[in-house]
Amino acid sequence: MRFLKVDSLEQAREKLLASLQEVFTKTEQVRLQEAAGRCLAEQVYCPEMVPDFRRSTVDGYAVMARDTTGAGESIPVFLEIVEEIAIGHPAVHTLKSGECTYVPTGGMLPDGADAMVMVEYTELFDEKNVAVYSTVSPGTAVVQVGEDAKKGQLLLDKGARLDAKSIGVLASIGRKQVEVFRPWRLTVVSTGDELVLPGEEKTTCKIYDINTSALCTLAREHGMEVVEAVTLRDEEELLEQVLKRALKSSDIVVISGGSSQGKKDMTAELIDKIAKPGVFTHGLALKPGKPTILGTDEASETLLVGLPGHPVAAMMVFELLIIWLQKRLYGEKEKPGIPAVLESNIPGAPGRETCQMVKLVQSEDGYIARPVFGKSGLMSTLTQADGYVLLEVNQEGLRSGERVMVHLL
């Protein structure tokens, strides 16, 4: 019998970082329109003041604020219209006291003007003069130079996940391309004689393959590229063929099932056979997730991961190791945990960290964390949960009423 070389979660993470620090941080330049969901691989600084001219936030008249002092509904102030500025064109006239300029929303204010009066608070007296019925102060309805961003200001940090807001920021400074981390390429393999693909006929004692679809989706949600997804019988020759092929096309090969100590569990042996240096972690001091295998192949720069066959355990280990690794290498900020009060006791596991699923329930005083108990083979354990609580190694447990930090799924 081959005994598991169990690592703590922290030890496994340290080994992953040591093995893959440089290999998994390759970058590429992509067009801005193709950058959605990608992770930024550079710090983006503002190259100029944004905006680089004073602009109006309303349709109306640019004025000297002091000229409107005392203006009201019954006592208007009359100003001479000396210019009408078209959107996208510069102001030419320098405003003097007693004068005003018509400026549309987004238009440039002329020199001398320091405020805008909305057109709703004005009335044309004749072609050259306007009555102003509102007093304004300096800066009213005006975006100042550099008010949005100043030259040299850090706009987006390395590791930012690019969404509509951040791509809008990049567009605002004229960026056509951006440097992002190259997506990790994955092959996902699920093994088991009992597995049937969704849509196929399922006979007695067979189950539908959950892990392939779930893990592929989880990977894609974090910007990874699934090169191949395969469901196999527990046959060593078949698995070896797939793994050898995957070493040529993938950065990470994930094998769910075949990682514990049953007679048909051959993942660790195969990794040591086809990869060098091979397995460096065979067992994780985590509940659920103990039968986890980690190994590398230096020649192809590939990480091989053997995950437990139970869906909840497989997805949680993928979250705690692979997604954690991506965030750490990319510099992506962790989402803050949600503080909550535990609704009932959670038992610990001797010698192992415990990952306990919880459901968040809103109360008058904040959130209540309701443990979702269930075996790691039941998908309902995940679908009912909003996040998880981690118990440290040898921690006896958590008691009802304790404050905990819930990590969102």
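The values are calculated or read from the model by the stated rules, or taken from the named source; none is laboratory data. As the structure is a prediction and not an experimental result, all values here were calculated from the model. Neighbour counts run over all protein chains shown; Cβ positions are idealised from the backbone, glycine included.
Taking the stated definitions as given, is LYS335 outside any strand (DSSP E or B), within 13 Å of ASP386 (Cβ to Cβ) and within 25 Å of the chain's Cα centre (by Cα)?
Working: outside any strand (DSSP E or B): yes; within 13 Å of ASP386 (Cβ to Cβ): yes; within 25 Å of the chain's Cα centre (by Cα): yes.
Yes; evaluated as a whole, the condition is true for this residue.
Suppose we filter GLY331, GLY351 for residues that are among the small types (Gly, Ala, Ser), out of contact with any Ser or Thr (no Cβ under 6 Å at 6 or more places or on another chain) and at pLDDT below 90; which single one remains?
Details: GLY331 fails: at pLDDT below 90.
Step by step, each of GLY331, GLY351 is checked, and only GLY351 is among the small types (Gly, Ala, Ser), out of contact with any Ser or Thr (no Cβ under 6 Å at 6 or more places or on another chain) and at pLDDT below 90.
Looking only at the stretch 148-168, how many residues end up being part of a helix (DSSP H, G or I) and out of contact with any helix residue (DSSP H, G or I) (no Cβ under 8 Å at 6 or more places or on another chain)?
Within the stretch 148-168, the subset part of a helix (DSSP H, G or I) is 164-168.
When the remaining residues are screened for being out of contact with any helix residue (DSSP H, G or I) (no Cβ under 8 Å at 6 or more places or on another chain), the result is 164-166, 168.
Total satisfying the criteria: 4.
Based on what the data block shows, is GLN395 surrounded by fewer than 18 Cβ atoms within 10 Å (Cβ to Cβ), outside any loop (DSSP other than H, G, I, E, B) and over 24 Å from the mean Cα position of the chain (by Cα)?
Details: surrounded by fewer than 18 Cβ atoms within 10 Å (Cβ to Cβ): yes; outside any loop (DSSP other than H, G, I, E, B): no; over 24 Å from the mean Cα position of the chain (by Cα): yes.
In short, no.
Quick check on my filter: what residues within the stretch 33-83 are among the charged types (D, E, K, R), out of contact with any His (no Cβ under 6 Å at 6 or more places or on another chain) and under 27 Å from GLU123 (Cα atoms)?
Residues of the stretch 33-83 that are among the charged types (D, E, K, R), as a first pass: 34, 38, 42, 48, 52, 54-55, 59, 66-67, 73, 80, 83.
Subsequent filtering for residues that are out of contact with any His (no Cβ under 6 Å at 6 or more places or on another chain) retains 34, 38, 42, 48, 52, 54-55, 59, 66-67, 73, 80.
Of everything in the stretch 33-83, those that are among the charged types (D, E, K, R), out of contact with any His (no Cβ under 6 Å at 6 or more places or on another chain) and under 27 Å from GLU123 (Cα atoms) turn out to be ARG54, ARG55, ASP59, ARG66, ASP67, GLU73, GLU80.
Here are GLY374, GLY401: which of them is in contact (Cβ under 8 Å) with a residue 60 or more places away in the chain, surrounded by 15 or more Cβ atoms within 10 Å (Cβ to Cβ) and not in a strand (DSSP E or B)? Before you say what the answer is, go through the steps one by one.
Values: GLY401 fails: surrounded by 15 or more Cβ atoms within 10 Å (Cβ to Cβ).
Of GLY374, GLY401, the one residue that is in contact (Cβ under 8 Å) with a residue 60 or more places away in the chain, surrounded by 15 or more Cβ atoms within 10 Å (Cβ to Cβ) and not in a strand (DSSP E or B) is GLY374.
Touching a residue at least 40 places away in the same chain (Cβ under 8 Å), touching a Phe, Trp or Tyr at 6+ places or on another chain (Cβ under 8 Å) and not in a helix (DSSP H, G or I): is that true of VAL189 in this structure? Steps first, please.
Values: touching a residue at least 40 places away in the same chain (Cβ under 8 Å): yes; touching a Phe, Trp or Tyr at 6+ places or on another chain (Cβ under 8 Å): no; not in a helix (DSSP H, G or I): yes.
So VAL189 does not fit the description; no.
Among (1) modelled with pLDDT under 90; (2) assigned by TED's automatic domain parsing to the domain that holds ALA18, there is one condition HIS282 misses while meeting the rest; what is its number?
(1) is the only condition that HIS282 fails.
Look at THR217 and say whether it is within 23 Å of LEU321 (Cβ to Cβ) and free of Cβ contacts under 8 Å to residues at least 24 places away in the same chain. I'd like the intermediate steps shown before the answer.
Details: within 23 Å of LEU321 (Cβ to Cβ): yes; free of Cβ contacts under 8 Å to residues at least 24 places away in the same chain: yes.
Here the answer is yes, as THR217 does meet what is asked.
Could you check the stretch 379-398 and list, in sequence order, the residues that are touching a residue at least 40 places away in the same chain (Cβ under 8 Å), under 20 Å from GLU319 (Cβ atoms) and small (Gly, Ala, Ser)?
Result: GLY387, single match.
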